[in-house]
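Right, one structure below, let's go through it.
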Ligand code: FAD
């Protein structure tokens, strides 16, 4: 059995593994795909002290550092169920898809999240070639260009306001009749000179020239007419879904499915900690996930030295 078992191998899980292993305790990581969302990222320009890197390079560096400390890395395996300890200090079980159960005195959940996709033609094809999901990450790549933001909830409207300060023009498309964001954000958005808001607009296709995005085709649901907008970027903002379905009923989550954590990364189950995009911690970013992972590992270590085995 492990002292600490980490579920997830993104920036949060990798940071937790490094911090735990450096305490000299038996540390394991089980990950569906080591590296996590970073694998799908082209340029990373906001990881502090690293001027610029790319996703695959960053993921390889995470893995090298985790392996350097002799962490047991179980890659390509998914956790299917969490078995809480029978008593405080007892073993926590993590059952894998393949039927095996790993046991650990403490567990750190770092299963991250995934952006909800539009599922229209061109979206997957032009991902990272004009189709983007994270304005904090990719906004500056579209400086002076024309972009669309799909989604009129809080994240879409915030993204449009943020992007309007960087790009030449933003078109916000919302499927419903009205924007769903808070009124104060909608007012702010409507005050901006370089933003067009389209409601009842159903995105049909992301268009491109084979290399990059060149436009977006949508249907005006009021008139039924189809239109095309010429642009260079499309930000999809229709939701970020935490990978926590497998924890249903076992651990406290909020209405978005995020694992509820306190400032030290404790969850509702003793001995189980959580970090990164799968939690309630705001702002889903690599540097934040890494910091939270480090914190969760230190909390797990603190728990181990204070909690006797029953
Ligand atoms: P993730 O990176 O999502 O990692 C989750 C890990 O858990 C993965 O290893 C996954 O395989 C594993 N996992 C999930 N479910 C299970 C399970 N049931 N069992 C076992 N393992 C499981 N952030 C920035 O700071 N800068 C950027 O430039 C940037 N660009 C981005 C570009 C794109 C296209 C995307 C999608 C995201 C970008 N982000 C960026 C956001 C950043 O990638 C995330 O905030 C960060 O990766 C979160 O780290 P995490 O460890 O919490 O989760």
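The values are calculated or read from the model by the stated rules, or taken from the named source; none is laboratory data. Nothing here was measured: the structure is a model prediction, and the numbers come from that model. Here Cβ is always computed from backbone atoms with ideal geometry, including for glycine, and neighbour counts include all displayed protein chains.
Considering 39, 46, 98, the condition of being touching a residue at least 60 places away in the same chain (Cβ under 8 Å) and either outside any strand (DSSP E or B) or surrounded by fewer than 24 Cβ atoms within 10 Å (Cβ to Cβ) (or both) is satisfied by 46 alone.
Can you pull out the residues in region 103-117 that are surrounded by fewer than 22 Cβ atoms within 10 Å (Cβ to Cβ) and within 14 Å of the ligand (Cβ to nearest atom)?
Initial filter on region 103-117 (surrounded by fewer than 22 Cβ atoms within 10 Å (Cβ to Cβ)): 103, 114-117.
Result: 114, 115, 116, 117.
Taking the criterion of being part of a loop (DSSP other than H, G, I, E, B) and buried (at least 22 other Cβ atoms within 10 Å of the Cβ), the residues of region 163-184 that qualify are 167, 174, 179, 181.
Based on this model, can you work out whether residue 251 counts as surrounded by fewer than 24 Cβ atoms within 10 Å (Cβ to Cβ) and outside any loop (DSSP other than H, G, I, E, B)? For residue 251, the condition - surrounded by fewer than 24 Cβ atoms within 10 Å (Cβ to Cβ) and outside any loop (DSSP other than H, G, I, E, B) - is not met.
Among the residues in region 170-191, are any more than 30 Å from residue 211 (Cα to Cα), more than 10 Å from the ligand (Cβ to nearest atom), in contact with a strand residue (DSSP E or B) (Cβ under 9 Å, 6 or more places away or on another chain) and without any contact (Cβ under 8 Å) to a residue 24 or more places away in the chain?
Restricting attention to region 170-191, the residues satisfying the condition of being more than 30 Å from residue 211 (Cα to Cα) are 176-191.
Checking the rest, the ones that are also more than 10 Å from the ligand (Cβ to nearest atom) come to 176-191.
Right, trim to in contact with a strand residue (DSSP E or B) (Cβ under 9 Å, 6 or more places away or on another chain) and you get 179, 186, 189-190.
Then keep just the ones that are without any contact (Cβ under 8 Å) to a residue 24 or more places away in the chain; that gives 190.
Yes.
Could you tell me whether residue 241 is part of a helix (DSSP H, G or I) and either under 14 Å from the mean Cα position of the chain (by Cα) or modelled with pLDDT under 95 (or both)? Here the answer is no, as residue 241 does not meet what is asked. Annotation: residue 290 fulfils all but one of (1) surrounded by fewer than 22 Cβ atoms within 10 Å (Cβ to Cβ); (2) in a helix (DSSP H, G or I); (3) within 9 Å of the ligand (Cβ to nearest atom); the unmet one is (1). In region 15-36, the qualifying residues are those that are within 7 Å of the ligand (Cβ to nearest atom), in contact (Cβ under 8 Å) with a residue 40 or more places away in the chain and crowded, with 22+ Cβ neighbours inside 10 Å, and the one that is farthest from the chain's Cα centre (by Cα) is 30.
Applying the criterion of being surrounded by 13 or more Cβ atoms within 10 Å (Cβ to Cβ) and assigned to a loop (DSSP other than H, G, I, E, B) to the residues of region 49-75, the residue that is nearest to the ligand (Cβ to nearest atom) is 50. For residue 261, the criteria (1) touching a helix residue (DSSP H, G or I) at 6+ places or on another chain (Cβ under 9 Å); (2) part of a loop (DSSP other than H, G, I, E, B); (3) more than 25 Å from residue 115 (Cα to Cα) hold in every case but one, which is (3).
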